[in-house]
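Undergrad: Sharing a structure below in structure tokens format, with a few things to ask.
The values are calculated or read from the model by the stated rules, or taken from the named source; none is laboratory data. Not measured: the values here are computed from a predicted model. Virtual Cβ from ideal backbone geometry, glycine too; neighbours counted across all protein chains shown.
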Amino acid sequence: MYDVIIIGSGPAGLSASVYAKRAGLKALTLEKNPVSGGQVLNTYEVDNYLGLPGINGFDMGMKFREHADGLGCEFQTAEVLSVCKEHREEKQLKAASVNETAVDAAFEPVRAQGFMIETDEGVFRAKAVVAAMGAVHAKLGIPGEEEMAGRGVSYCATCDGAFFRGKVTAVIGGGDVAVEDAIFLARGCEKVYLIHRRDELRAAKILQEEVMSLPNVEIIWDTVAEKIEGNGQVEGISLKNVKTGDKMELPVDGVFVAVGILPDSEILKEIVNCDPKGYVLAGEDGVTDVPGIFAAGDIRSKKLRQIVTAVADGASAIQSVQEYLLQAKITK
């Protein structure tokens, strides 16, 4: 029985692991992927994390994990299949009585709530759970996307960009990730089209200025993708202007989809309250509507999803875990 099980080892999960270890909690972190770091691993360059300007995303993820490993945090590679509440019998000390002589008589049974976490590597039990599963890439949902996935359609420019060196690519989206992808691809691609459904980008101003200064990046405004064309490999993309209705065929070798993220909260939707998009409803303290379950990082409902806020979430969640364990009287 662990004091707390942390699901996910991105910045939020790793931060929670470190804080749990420093708090003296018996903690286990479960991660379904072979490498810790979460979405930060797919970021070419991180220039807004205090003290580490310009660090490579993969290197940052490794530094976070090394910190946790150095403290002796416990990790297990396993995919969580379900989380459910369970109750167990425990004993707590009765009020002192001068008439009691037997040791067993000084204790009485109590019911304490815990959680059973089923994984593909077995079942684990904990008194509290920190959900830090992060988010996954949203999809366009257009014809050709699923069929061409891995055959020219990608959701990670830093992962797959090298395969398109000297070729023509399209990035779909207008936020930070889309613009970062376009900038990254422009360093190796002959031509990069940035396709956005609005007439202005949502990315940070500094990123907008950089992408607009690149000679081999062309922004196609007010346009959505309707179909990805190709025969076993991406050959082009069908586009439609949302203002004029005009359609066009754009020959490209690769399509990088960057239209947002969706919370990886499927295993929790039947347990805790989530918003319509699936983000777990929890405050800055990570507290959900279910006592003993806490949310941290991109999975949580909040305004700003950044590495720094995920790290803060991990620390806050463990503080709440400690308070919960004390109040519920189910500490070690």
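Undergrad: If you check every pair at least six apart or on different chains, which have Cβ atoms under 7 Å apart with a residue in segment 187-210 that is farther than 20 Å from Val224 by Cβ and outside the structural domain of Glu249 (by TED's automatic domain parsing) first and a residue that is modelled with pLDDT under 95 and surrounded by 14 or more Cβ atoms within 10 Å (Cβ to Cβ) second?
TA: Note: no pairs meet the criteria.
Undergrad: Then there's this: Could you grab me the full set of residues in segment 24-40 that are touching a helix residue (DSSP H, G or I) at 6+ places or on another chain (Cβ under 8 Å), in contact (Cβ under 8 Å) with a residue 60 or more places away in the chain and within 14 Å of Glu74 (Cα to Cα)?
TA: The one that is touching a helix residue (DSSP H, G or I) at 6+ places or on another chain (Cβ under 8 Å), in contact (Cβ under 8 Å) with a residue 60 or more places away in the chain and within 14 Å of Glu74 (Cα to Cα): Leu25.
Undergrad: Give all pairs with beta carbons closer than 6 Å in which a residue from segment 156-167 that is among the hydroxyl-bearing types (Ser, Thr, Tyr) meets a residue that is crowded, with 19+ Cβ neighbours inside 10 Å; count only pairs at least 6 apart in sequence or on separate chains.
TA: Correct list of pairs: Thr158/Asn42.
Undergrad: So which residues in segment 297-313 are assigned to a helix (DSSP H, G or I) and among the charged types (D, E, K, R), if there are any at all?
TA: Correct list: Asp298, Asp313.
Undergrad: Which numbered condition in (1) under 23 Å from Phe163 (Cβ atoms); (2) modelled with pLDDT of 95 or more; (3) surrounded by fewer than 17 Cβ atoms within 10 Å (Cβ to Cβ) is the only one that Gly232 fails?
TA: It fails just one condition, (2).
Undergrad: Given the structure, is Gly51 loosely packed, with under 14 Cβ neighbours inside 10 Å, on the phi > 0 side of the Ramachandran plot and either of a type outside the set (Val, Ile, Thr) or free of Cβ contacts under 8 Å to residues at least 60 places away in the same chain (or both)?
TA: Criteria met by Gly51.
Undergrad: Additional query: Being over 30 Å from Val168 (Cβ atoms), free of Cβ contacts under 8 Å to residues at least 24 places away in the same chain and in the same structural domain as Ala312 (by TED's automatic domain parsing) narrows it down to one of Leu281, Leu268, so name that one.
TA: Checking each option against the conditions leaves just Leu281.
Undergrad: Please enumerate the residues belonging to segment 262-274 that are in a loop (DSSP other than H, G, I, E, B) and either at pLDDT below 95 or crowded, with 19+ Cβ neighbours inside 10 Å (or both).
TA: Asp264, Ser265, Lys269, Glu270, Ile271, Val272
Undergrad: A follow-up question, please. Go through (1) under 22 Å from Met116 (Cα atoms); (2) free of Cβ contacts under 8 Å to residues at least 60 places away in the same chain and name the single condition Leu239 misses.
TA: So Leu239 meets the others, but not (1).
Undergrad: Can you report the number of residues in segment 113-139 which are among the hydrophobic types (A, V, I, L, M, F, W, C), surrounded by fewer than 19 Cβ atoms within 10 Å (Cβ to Cβ) and part of a loop (DSSP other than H, G, I, E, B)?
TA: Final tally of qualifying residues: 1.
Undergrad: Kindly provide the set of residues from segment 301-325 that are closer than 18 Å to Gly61 by Cβ and not small (Gly, Ala, Ser), ordered by number.
TA: Arg305, Gln306, Ile307, Val308, Thr309, Val311, Asp313
Undergrad: Exactly one of these conditions fails for Phe294: (1) touching a helix residue (DSSP H, G or I) at 6+ places or on another chain (Cβ under 8 Å); (2) in a strand (DSSP E or B); (3) under 30 Å from Ala203 (Cβ atoms). Give me its number.
TA: Phe294 satisfies all of (1) touching a helix residue (DSSP H, G or I) at 6+ places or on another chain (Cβ under 8 Å); (2) in a strand (DSSP E or B); (3) under 30 Å from Ala203 (Cβ atoms) except (3).
Undergrad: Report, by residue number, each residue of segment 237-261 that is in a strand (DSSP E or B), out of contact with any Phe, Trp or Tyr (no Cβ under 9 Å at 6 or more places or on another chain) and within 25 Å of Asn42 (Cβ to Cβ).
TA: Within segment 237-261, Val255, Ile261 qualify.
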